[in-house]
Each structure stands twice: as C-alpha cells, then as structure tokens.
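The values are calculated or read from the model by the stated rules, or taken from the named source; none is laboratory data. The structure presented is a predicted model; accordingly, all values stated were derived computationally and were not measured. Using ideal geometry, Cβ is built from the backbone for each residue, glycine included, and neighbour counts are taken over all protein chains shown.
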Amino acid sequence: MRPIIIIPARLAAQRLPNKPLADIHGRSMIEWVWQRAVDAKIARVVVAAGDPEIVAVIEAAGGEAVLTPPGLPSGTDRVAYALAEIDPDEHHDIIVNLQGDLPNIESKTLVAVIDALHQVMDADITTPAAIITREEELHTNSVVKIAAEIAPGETTGRAVYFSRNLIPSGDGPHYHHIGVYAFRRHALERFMKLPPSGLALRENLEQLRALADGMHIEMVLVDQIPQPVDTAEDLARVKELLK
C-alpha cells in the first residue's frame, strides 16, 4: 500500500478562531498534529490548508502543505481537493484524513487504521475508537459513539451506526469515536459523490452518508482517546497533557 496522511486545517473556527495557530509550548497546534503524523513513519504527510498562514507555518517547519479554497464545506472536501492537486497520477491508494485539532494523538493510532485496511480487505474505510472509561463521556453529545459488531478479544469490527447519543443499549462496552478516517482511494472518490443522507444531516455526522450507501466502515480499537481542541478550555487541557 502507498498511504498518504492529509491534515485539513483552516483558521475560521467558530468557537476558537485561528486555532490551528494556537500556541502550545512554543509550537502551533497544527505543527503538533503534523509532527505526530510524521512520527508514525508510515506515510507521506501533507497539510491541506484553507489559509496561507497555515501553509507558511508548516513549510517553515520543513513540512509539505497545499493551499485549498477557503470556502470548501468540510475537512473531507479539503482532503479530496489537496489529493487531486498533489497526486493527479494516483500514486497513493490509501488516504488518511487526520483532523487538525488532535495535537496529542498517538502516532500508533495512525499506523493502526492503515494496518486495518491491509487486514480487512473488504473494508472501504477504517476509523479508530477507544473504550469509554469516563462516565461523563457516555452522556456528552460532543463525544460520538459507535455501535459495532466486534467479537470478544478482537480489535476490529464492522461499524453499524454512529451517534451523539449513547448506543447501543444493554450491557457491554461503549466506544468513543476518534476523528480519523483511512479511505481506500476508490472509496474516497465514491464518498465525495454521495448526497447528504437524512441521518447524516440529523446527527450532523458525515460518516453516516457512507453507511447509508452501504459502504463498509471498520472500527479499529486503540488505547488512547486524544483530546480534541474546540474551545479555550480544551486548549488549556491539552497544554497540560503535552507538558
């Protein structure tokens, strides 16, 4: 496989403006995410930037960045645009969409989602999750949960549904979804052509478009739940974690 990790980022965040450039111990947040991807040593790493300031920061750090149109509606659109710009000959057959607000994500999580595409040959997309251990996460809408068919002792299983509410019911573990997706290239192309589905709009979760179209998303269990940064409080928390 010839994977590439693409990190979409833009400055126009509603709750924390300019957050990709937020300082975390002397480095911008987007640099932290980029470095985690580089440290995985498994793929080419490119930042799909909605703003020239982000391109400048990544290039100054020695990385690769592509300027994308600022008006693209989602991070996945930004990933697809960057891929077409930098790889028109389709050398890369695995595309990892890594959110640019996960500065403490473990590099081994990126390795795990790529490896899972190699192991589960009929999967179109792989995405990581971790068992929820904090009670408050079970009932927080900002934490997306996955219902997956996963056998005891296994580390991967087919995702059945994603929700902001607690799923499934009954006894057993619940899984915290982590915003990383590894696509086979043909799956990304198929996904980009899909219209929004009713449940995707209702839950505000674009991965439900893929499930509605019958695509196979494989959940990959990992050990760590990274701290996403959406607010000033999240930023303070991640600074403490990255001391």
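Report, ordered by the first and then the second residue, all pairs with beta carbons closer than 6 Å, sequence separation of six or more or different chains, a first member in the stretch 163-185 that is more than 9 Å from L138 (Cα to Cα) and at pLDDT 95 or above, and a second member that is among the hydroxyl-bearing types (S, T, Y) and crowded, with 18+ Cβ neighbours inside 10 Å.
Hits for this filter: Y181/T127; A182/T126.
Look at R44 and say whether it is surrounded by fewer than 24 Cβ atoms within 10 Å (Cβ to Cβ), within 22 Å of V220 (Cβ to Cβ) and not assigned by TED's automatic domain parsing to the domain that holds T127. Break it down into steps so the answer makes sense when it comes.
Values: surrounded by fewer than 24 Cβ atoms within 10 Å (Cβ to Cβ): yes; within 22 Å of V220 (Cβ to Cβ): yes; not assigned by TED's automatic domain parsing to the domain that holds T127: yes.
When the stated conditions are applied, R44 passes them.
Condition check ((1) farther than 16 Å from V144 by Cα; (2) at pLDDT 95 or above; (3) touching a Lys or Arg at 6+ places or on another chain (Cβ under 9 Å)) across all residues:
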residue	(1), (2), (3)
A212	yes, yes, no
V222	no, yes, yes
P228	no, no, no
T231	yes, no, yes
K239	yes, yes, no
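Being farther than 17 Å from Y181 by Cβ and of a type in the set (V, I, T) narrows it down to one residue among T68, T76; which is it? Steps first, answer last, please.
On the way: T76 fails: farther than 17 Å from Y181 by Cβ.
Of T68, T76, the one residue that is farther than 17 Å from Y181 by Cβ and of a type in the set (V, I, T) is T68.
Give me a count of the residues in the stretch 14-59 that are more than 10 Å from P103 (Cβ to Cβ), among the β-branched types (V, I, T) and more than 18 Å from the chain's Cα centre (by Cα).
Counting residues in the stretch 14-59 that are more than 10 Å from P103 (Cβ to Cβ), among the β-branched types (V, I, T) and more than 18 Å from the chain's Cα centre (by Cα) gives 4.
In this structure, is A151 part of a loop (DSSP other than H, G, I, E, B), aliphatic (A, V, I, L, M), over 29 Å from R237 (Cα atoms) and modelled with pLDDT under 95?
Details: part of a loop (DSSP other than H, G, I, E, B): yes; aliphatic (A, V, I, L, M): yes; over 29 Å from R237 (Cα atoms): yes; modelled with pLDDT under 95: yes.
The answer is yes for A151.
Count, please, the residues in the stretch 200-228 that happen to be under 27 Å from T155 (Cα atoms), in contact with a Leu (Cβ under 9 Å, 6 or more places away or on another chain) and not acidic (D, E).
12
Look through L67, L110, L83 and report the one residue that is touching a His at 6+ places or on another chain (Cβ under 9 Å) and not assigned by TED's automatic domain parsing to the domain that holds G157. Show your work before the answer.
Details: L67 fails: touching a His at 6+ places or on another chain (Cβ under 9 Å); L110 fails: touching a His at 6+ places or on another chain (Cβ under 9 Å).
Just a single option satisfies the conditions, and that option is L83.
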